[in-house]
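Worksheet: one structure, shown below.
The values are calculated or read from the model by the stated rules, or taken from the named source; none is laboratory data. From a predicted model like this one, the values you see are computed outputs, not experimental measurements. So basically every Cβ, Gly included, is an ideal-geometry build from the backbone, and we count neighbours across all protein chains shown. Areas reflect the complete protein model, heavy atoms only, side chains present, ligands, DNA and RNA absent. Shrake-Rupley method; radii C 1.70, N 1.55, O 1.52, S 1.80 Å.
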Amino acid sequence: MIRPVNGLASKKFMRRLLKGRLALGETIKALMFDFTRDNLNAYEVDKAMLTSGENLLSDIMQFESMKYIESPFTRLIDIECDYANNLIKDEKMSTILGIDKENLFHYYFFDRINKKSHSSTKTYLSAGHPGEFSILASKTMLEAGDPIFEIRFKLEEKWSSWQAIAGKFIVAQNYRFGPGGVAEVYHSMTEKEIESFKQTFQIRYSGSIRLALNMPDTLRRMINDPFDRDIRKLIDPHTFQILFDSQLMHEFSSEKSQEIWSKFETRYR
């Protein structure tokens with residue numbers, strides 16, 4: 001195992017990586033999720049389960065006799081590595097997702113930290129630490145009319161807030177060894193890593209984005225919450241966090257608004 005302790009070790013790691021001395025094979029295994037509208041409509045039998053609003057990972061991610069069972073919504077894919085050294089360029093990931101490279105981004109999780117002196121926002125899965133999961137998605141994933149899902153993950157027994165995610169996305173594992181932040185280098189996912197993903201992440205259906213009638217919305221508003229149709233939500237454009245749509249306060253009585261807020265709190269806190 002390589003244990004880099006300083007900048008020199010990191011440079012040596014990169015030189016060996018580029019020379020192909022860390023080659024582990026010509027492909028790595030990663031998970032592909034497909035929650036696009038066309039894919040959901042193609043499998044009407046499973047659509048009710050997928051849009052129930054319950055965590056769906058246990059249903060769509062299963063093994064049988066040590067073999068991963070593919071579902072219409074997630075499958076284990078083999079991705080060829082460039083130079084046979086676990087390096088997969090963003091261009092290749094973009095091609096797999098069917099998007100332009102400019103629209104590819106690494107999906108991060110955000111948490112608000114409040115202290116007496118100041119408040120700040122902390123990001124997770126953003127440093128490329130060895131062994132962490134990396135989620136690759138499209139910047140244009142949140143389109144009006146498309147089904148929107150929400151995702152959260154557990155860190156030290158605490159769940160993050162729910163964030164919006166949609167369309168196709170890839171879940172890969174960063175390279176296990178070496179320094180953090182080595183871009184585009186991945187490790188093949190085994191049954192152990194897939195089970196770890198199931199235990200530390202949750203995904204459920206959230207609703208759909210409401211089309212703006214008179215003017216473009218600066219914030220994406222969501223309707224058709226599977227838990228309660230009265231609930232309407234916003235998607236933070238910077239963090240993708242699910243927020244309560246306070247516009248409801250102007251449309252309903254204070255009593256009704258408080259009732260809807262309580263339902264939102266029950267589901268999202």
Q | Positions within segment 161-187 being buried (at least 19 other Cβ atoms within 10 Å of the Cβ), touching a Ser or Thr at 6+ places or on another chain (Cβ under 9 Å), in a loop (DSSP other than H, G, I, E, B) and not hydrophobic (A, V, I, L, M, F, W, C), in sequence order | A | Gly178, Pro179
Q) Assuming Asp59 fulfils every condition listed in (1) open to solvent by 80 Å² or more (accessible area, probe 1.4 Å); (2) in a loop (DSSP other than H, G, I, E, B); (3) modelled with pLDDT of 90 or more apart from one, which condition is it? A) (2)
Q: Please work out which one of (1) surrounded by 13 or more Cβ atoms within 10 Å (Cβ to Cβ); (2) out of contact with any helix residue (DSSP H, G or I) (no Cβ under 8 Å at 6 or more places or on another chain); (3) at pLDDT 90 or above; (4) charged (D, E, K, R) is the condition Arg220 fails and give its number.
A: (3)
(Q) Among the residues that make up segment 105-120, is at least one of them at pLDDT 90 or above and either crowded, with 17+ Cβ neighbours inside 10 Å or more than 18 Å from the chain's Cα centre (by Cα) (or both)? (A) yes
Q) Residue check: is Lys263 farther than 22 Å from Lys29 by Cα, part of a helix (DSSP H, G or I), touching a residue at least 24 places away in the same chain (Cβ under 8 Å) and open to solvent by 30 Å² or more (accessible area, probe 1.4 Å)? A) yes
Q: Report yes if some residue within segment 149-160 is crowded, with 20+ Cβ neighbours inside 10 Å, touching a helix residue (DSSP H, G or I) at 6+ places or on another chain (Cβ under 8 Å) and modelled with pLDDT under 95; otherwise report no.
A: no
(Q) Could you check segment 27-42 and list, in sequence order, the residues that are crowded, with 21+ Cβ neighbours inside 10 Å and of a type outside the set (A, V, I, L, M)? (A) Phe33, Phe35
